[in-house]
Amino acid sequence: MPAGLVVLVGPPASGKTSFVQALIAGGQIDAEAVISSDEIRAELLGTPPAQAGSGTEDARIFEERDRRIIARLAAGHSALAESTNVTRPARARLIAIARRFDAPVTMLRFAPDVSDLLRQYAERNRNDLTADDVRAYAAS
């Protein structure tokens, strides 16, 4: 894994979590380096990612994600931010955190074909986003 902060960028169902799981299984990254907003949601709220939260809940989740990234970077460890990060403000927030520690930032973009993305999302049996939402994430 590159030093610093690795930011995964992609819409839901684009393969980010599968990619991370394969890296962990292959011993290429430590599971502790992965900071997942979905896992934080489950820890803090006891809800799966399929259940959309309120703006207040989302803010709490991303504040905790940022806190964990800061802790790793402050300790001189790398961190991998696993969430959609498709908007410019979301990416800018993470870049600003990394800059506080002079940590390099590597972004990996997941951009599958929209028809494949919609099929994969449907296979997840989630109802927190509509097909239009998924398309909007993919277009970001």
*Within the stretch 103-111, is there a residue that is polar (S, T, N, Q), within 13 Å of the chain's Cα centre (by Cα) and modelled with pLDDT of 90 or more?*
no
*Scan the stretch 61-68 and give yes if some residue there is closer than 22 Å to L23 by Cα, modelled with pLDDT of 90 or more and of a type outside the set (D, E), otherwise no.*
yes
_Of all residues being open to solvent by 80 Å² or more (accessible area, probe 1.4 Å) and outside any loop (DSSP other than H, G, I, E, B) in the stretch 114-126, which is farthest from E32 (Cα to Cα)? Just the residue, please._
R119
_Residue list for the stretch 18-51, filter: under 27 Å from D113 (Cβ atoms) and modelled with pLDDT under 90_ = D38, P48, P49, A50
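The values are calculated or read from the model by the stated rules, or taken from the named source; none is laboratory data. Remember, it's a predicted structure, so these values are computed and weren't measured experimentally. Cβ coordinates were reconstructed from backbone atoms using ideal geometry, including for glycine residues, and neighbour counts include every protein chain displayed. In case anyone asks, the SASA skips ligands and DNA or RNA and just uses the protein heavy atoms, side chains included. Shrake-Rupley method; radii C 1.70, N 1.55, O 1.52, S 1.80 Å.
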